Amino acid sequence: MDFNAPAIGIYIRIVAIISLLLGLNDAARLLGVNLGNVSPMATLGMTGFVYLAIFSLTRLFAAVGLWIKASWGAVLLAAATFIEMVLYLMGNPDIRMSAFGFAVRLLLLVSILIIFVLGIRLRRAQAHD
């Protein structure tokens with residue numbers, strides 16, 4: 001996939017920034033920024049803490065991959081977001097998110113799918129020329 005095309009370069013960078021902000025928000029939750037004296041491990045539980053750590057790191061790495069316009073960044077972000085949303089929709093008690101958090105993750109998933117579609121259309125247009 002040609003992520004270096006100028007048509008989708010800015011769009012990819014915006015998605016990378018959203019992924020970075022969401023990953024940093026999750027990292028702040030891991031550190032217990034708004035919890036006061038309560039341990040985040042006690043609040044989230046052991047498996048919830050591990051899930052949040054994995055998804056946070058995955059989003060941060062995906063943001064770097066998208067920023068440098070590597071295709072693995074988009075694949076990593078799509079996979080992590082899809083898995084997290086499936087776990088949440090299946091009712092896993094360890095995955096907690098607000099309605100706004102769910103909307104942002106859904107926006108990320110749709111954005112990555114749009115990037116894939118734009119990349120495929122751009123490749124087909126270049127093949128016909």
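The values are calculated or read from the model by the stated rules, or taken from the named source; none is laboratory data. Computed from a prediction, not measured in an experiment: that's the story for all the values here. No Cβ is skipped: glycine too gets one built from the backbone with ideal geometry, and neighbour counts run over all protein chains shown.
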Is there a residue in segment 34-50 that is within 18 Å of the chain's Cα centre (by Cα) and surrounded by 15 or more Cβ atoms within 10 Å (Cβ to Cβ)?
-> yes
Just checking, which of Ser98, Ser111 is at pLDDT below 90 and under 28 Å from Ile10 (Cβ atoms)?
-> Ser111
Somewhere in segment 95-108, is a residue under 26 Å from Ser56 (Cα atoms), buried (at least 16 other Cβ atoms within 10 Å of the Cβ), in contact with a Ser or Thr (Cβ under 6 Å, 6 or more places away or on another chain) and of a type in the set (A, V, I, L, M, F, W, C)?
-> yes
How do the pairs read when you match residues in segment 20-43 that are under 21 Å from Glu84 (Cβ atoms) with residues anywhere that are assigned to a loop (DSSP other than H, G, I, E, B), using Cβ under 8 Å and keeping only pairs 6 or more apart or on different chains?
-> Ala28/Asn34; Gly32/Val38; Gly32/Ser39; Pro40/Gly32; Thr43/Gly32; Thr43/Leu35
State the number of residues belonging to segment 70-106 that are among the aromatic types (Phe, Trp, Tyr) and over 26 Å from Met41 (Cβ atoms).
-> 2
